Ligand code: PEP
Ligand code: MG
């Protein structure tokens, strides 16, 4: 059995240039697990807080003061590592230590264990006879909280190459659509600056409708039919538009408002017109019944909860009871620790809820989530298309395709 022999941390920076925390866990003085925590911009009300009092330094101080609580634990014993964290912070939302620290400590422990065992991380995370690749789901055009004024209110238009037979083909197809969309945008708007949002999707000054139309055109220009070789997805991130006082969705950039009923209609029209395979947070984070209406209407589309479920097992149970979703985003740092996230994944898989493991808009160049997506039997891996911190995750999938245990693409 391996033992944790040291645990240290440092302040680093994420892809937005904001401070974050990185943790090093060493097993048997030799085997390093190193994890740098990401953070979101469109954050769910009920997710784990990133840092105590918003301060990464505070998380680091707590780690230093409590390092001895992790020493001599078996790094592959995720429950014990998690319980040591919980002895410092029993709060639901990790307000004492921050979800970023819980994320980094638990994943780094498992990575050091995988190094000591001489096996890839996905295998240490879950023992299966065989594994599958999730389909990469990537942001090709962004707006909302991820891009500036004039861009669409909708946060993300996404591409997924569901017709691909291999992981390399799926990734290359996403690159091709992202590139073709740039050509379409510059032909349509000669003053397009090639500006991109936080996750690498193009960020042009366009309405929601035009953004969707041109994204579809990029696919068609490459000879693809929507719903066949490739499909579009949308993260509506509707909590950004939701105004509780008004009881309406306010689309500032588009210049219109939707009642809750109109919002369902708005999302339904987009799902139908663009044959979406994926629709995330089409209504706000507390609208479980409205989500259920969409799920009943579109059983073939992945109706996914992100801000709605926040990788929280209790909230997932509520969504399952209300039949709100047939799919759920898994973001480890929303849950807090990897132990929480894997419990969440089990609940989802046991109830036929399709998982989509996801990056955050503020990312590191780590690629652990590629392994987490495989180990949790995720159907898709939402990690963007371009940008070094996004491509890092895709490149890791290609490295993993050299592994015999992964037998082809997920079945959606
Ligand atoms: C999202 O909303 O799905 C997302 C990845 O953005 P963020 O990390 O800003 O929550
Ligand atoms: Mg989202």
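Nothing in this text is a laboratory measurement; each read-out follows from the coordinates by a stated rule. Predicted, not measured: the structure shown is a model, and the values here were computed from it. Cβ placement follows ideal geometry from the backbone for every residue including glycine, while neighbour counts extend to all protein chains displayed.
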Subject >> Counting all C-alpha pairs of region 75-165, share separated by more than 24 Å (%) >> reply: 54
**OP:** Express the Stokes-Einstein translational diffusion coefficient of region 33-123 in µm² s⁻¹, to the nearest whole number, given a Kirkwood radius over alpha-carbon pairs, 10 °C and a viscosity of 1.306 mPa s.
**Re:** 116
Subject >> Length gained when the stretch residue 300-residue 189 is fully extended (0.36 nm per residue, less Cα-Cα span) >> reply: 36.5 nm
Original post:
With axes computed from alpha carbons, what is the tilt in degrees of helix 288-297 against the longest principal axis of the chain, rounded to the nearest 10 within 0 to 90?
Top reply: 60
**OP:** Provide 34, 168 in ascending order of the number of other Cβ atoms located within 10 Å of each residue's Cβ, fewest first.
**Re:** 168, 34
Original post:
Helix 56-66 versus the longest principal axis of the chain: what is the Cα-based angle in degrees, 0 to 90, to the nearest 10?
Top reply: 30
Subject >> Inter-label distance for residue 182 and residue 402, nm, one decimal - labels placed 7 Å from Cα along Cα-to-Cβ >> reply: 2.8
Subject >> Inter-part distance where region 194-257 and region 167-184 are each reduced to a Cα centre, Å >> reply: 17
**OP:** Compute the FRET efficiency between residue 69 and residue 16 as 1/(1 + (r/R0)^6), taking r as their Cβ-Cβ distance and R0 = 25 Å, and round to the nearest 0.05.
**Re:** 0.20
**OP:** Have a look at the DSSP beta bridges in the chain and tell me what percent are antiparallel, nearest 5.
**Re:** 60
Subject >> Label-point separation, residue 217 to residue 289 (7 Å along Cα→Cβ), nm >> reply: 4.1
**OP:** Please compute P(r) over all alpha-carbon pairs of the chain, binned at 20 Å starting from zero, and give each bin as a whole-number percent.
**Re:** 29, 58, 13, 0
**OP:** Rounded to the nearest Å, what's the spacing between the alpha carbon centres of region 20-54 and region 111-129? Just the number, please.
**Re:** 20
**OP:** Could you tell me how many degrees, from 0 to 90 and to the nearest 10, lie between the Cα long axis of helix 338-350 and the main elongation axis, the longest principal axis, of the Cα atoms of the chain?
**Re:** 50
Original post:
Relative to the present Cα-Cα distance, how much length would full extension add between residue 3 and residue 28 at 0.36 nm per residue of separation?
Top reply: 8.4 nm
Original post:
For 338, 400, what ranking results if the residue with the fewest other Cβ atoms within 10 Å of its Cβ goes first?
Top reply: 400, 338
Subject >> Cut-off 17 Å (backbone N to label point 7 Å along Cα→Cβ of residue 317), residues of region 61-96 >> reply: 92-93
